[in-house]
Amino acid sequence: MGNLLEVRNLSVSFFTYESTVQAVRDISFDLAPGETTALVGESGCGKSVTSKSIMGLIKKPGKILEGSRIYFKGQCITDFTIKEWERFRGKNCSIIFQDALASLNPTMKIGRQIIEVLNNHDTGLSRDEKVKKAVEMLAMTGIADAAGCLEKYPHELSGGMRQRVMIAMALIGRPELLIADEPTTSLDVTVQAQILEQMKQLQQKLNMAILLVTHDLGIVADAANKIIIMYAGRIVEQGPAREIFYHPVHPYTKALLDSVPRIDRDRTKRLRAIEGNIPDMANPPKGCAFCGRCPEAMNICEEHAPVLRQIEGPHAAACWLNELHTIHGGTDA
Ligand code: SF4
């Protein structure tokens with residue numbers, strides 16, 4: 001089966017009077033139909049800029065740089081016109097953000113907001129059919145009184161309910177790809193787990209792919225088939241979720257894993273925060289961007305940036321340790 005989405009050499013910069021911020025730097029990855037891929041990294045690593053690029057939502061002073069290409073089912077979408085983007089969003093691909101309250105119109109009842117989404121999709125349905133569809137979709141997201149929910153304003157719903165409404169609105173056009181950008185960050189842990197489980201069930205029912213964008217490696221363990229780790233605008237490691245969790249290679253991935261609780265680890269061991277800050281992306285380091293924070297940094301790391309290289313199968317990492325490991329035939333360098 002072919003890929004649903006192919007991102008090739010994507011670079012995105014933000015141009016201001018003072019500086020040019022290189023938010024995303026030459027990244028490439030694929031998404032398979034029906035699978036969940038997690039895009040993971042700290043705030044400012046370029047993951048949200050990547051997801052907005054896929055949705056055609058990069059606005060000035062941001063710019064997708066020449067040579068960047070994004071293909072959806074083989075069709076290049078980076079050159080879409082405004083009309084083509086409008087058709088693409090919601091129908092082929094939808095996005096939900098962390099802050100459902102900010103995304104919903106506070107002055108409009110939920111029912112009207114969902115019906116407006118259907119109006120944009122030009123479904124040819126009557127008003128009664130649209131109401132029926134809205135109720136069905138809300139019920140699918142786990143809202144018990146779906147019909148009653150249509151009559152509510154956003155402020156009358158809990159944070160979890162509002163996020164379910166956002167999911168219903170995103171999925172009502174039956175997109176093949178859902179981008180969930182920090183979908184559960186503002187919710188408490190129990191509601192987080194419920195929403196992620198609901199998304200998983202909806203994914204199976206609707207056979208869609210999910211790009212789960214998050215800073216929290218902990219929440220993707222159960223949810224993702226594949227994990228992409230981003231740091232300072234670049235992909236530093238990617239591979240099947242099992243490989244990333246049990247055989248991480250990049251020191252940044254290892255540090256992220258050490259910072260989240262795991263049931264397969266000694267519970268008396270303290271979780272470790274990652275010391276230091278991400279580099280200034282207006283002036284990124286010429287060598288490895290993680291060098292200033294890396295406990296395993298070597299001289300070469302400061303001078304030369306490592307490239308993403310295959311470790312085994314689809315597992316790849318961008319780290320000089322990986323290169324040395326390959327040169328020395330699997331022995332420690
Ligand atoms: Fe650390 Fe060097 Fe690997 Fe960068 S390339 S992560 S500095 S060992």
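Regarding residue 62, is this residue open to solvent by less than 60 Å² (accessible area, probe 1.4 Å) and more than 18 Å from the chain's Cα centre (by Cα)?
yes
What are the pairs with Cβ atoms under 6 angstrom where one residue, in the stretch 236-257, is over 20 Å from residue 298 (Cα atoms) and the other, located anywhere, is of a type in the set (Val, Ile, Thr) and more than 11 Å from the ligand (Cβ to nearest atom)? Sequence gap at least six, or different chains.
Filtered contacts from the stretch 236-257: 238/228; 241/227; 244/227.
So the check is Cβ under 7 Å with 6+ separation or different chains; which pairs have a first residue in the stretch 289-300 that's under 18 Å from residue 237 (Cβ atoms) and a second one that's open to solvent by 80 Å² or more (accessible area, probe 1.4 Å) and more than 6 Å from the ligand (Cβ to nearest atom)?
Listed by first residue and then by second, the contacts come to 289/234; 291/302; 293/275.
Looking only at residues that are more than 26 Å from the chain's Cα centre (by Cα) and among the β-branched types (Val, Ile, Thr) in the stretch 259-311, which one is modelled with the lowest pLDDT?
So the residue we want is 268.
Just to be sure I understand, how many residues within the stretch 306-324 are outside any helix (DSSP H, G or I), near the ligand (Cβ under 8 Å from one of its atoms) and without any contact (Cβ under 8 Å) to a residue 60 or more places away in the chain?
So the answer is 1.
When both residues are 6+ apart or on different chains and their Cβ atoms are under 9 Å apart, which pairs have a first residue that lies in the stretch 131-147 and is over 16 Å from residue 166 (Cβ atoms), and a second that is open to solvent by 50 Å² or more (accessible area, probe 1.4 Å)?
Partner pairs satisfying both residue conditions: 131/147; 132/125; 133/123; 133/125; 135/147; 147/139.
Could you please give the count of residues in the stretch 87-128 that are closer than 14 Å to residue 166 by Cα, assigned to a loop (DSSP other than H, G, I, E, B) and among the charged types (D, E, K, R)?
2
Taking the stretch 20-47 as the search range and keeping residues that are in contact (Cβ under 8 Å) with a residue 60 or more places away in the chain and acidic (Asp, Glu), which one is least open to solvent (accessible area, probe 1.4 Å)?
42
The values are calculated or read from the model by the stated rules, or taken from the named source; none is laboratory data. Bear in mind that the values here come from a model prediction, so they are computed numbers and not experimental data. Positions of Cβ are backbone-derived with ideal geometry, glycine not excepted, and every protein chain shown enters the neighbour counts. What goes into the accessible areas is simple: the full protein's heavy atoms, side chains included, and nothing from ligands, DNA or RNA. Shrake-Rupley method; radii C 1.70, N 1.55, O 1.52, S 1.80 Å.
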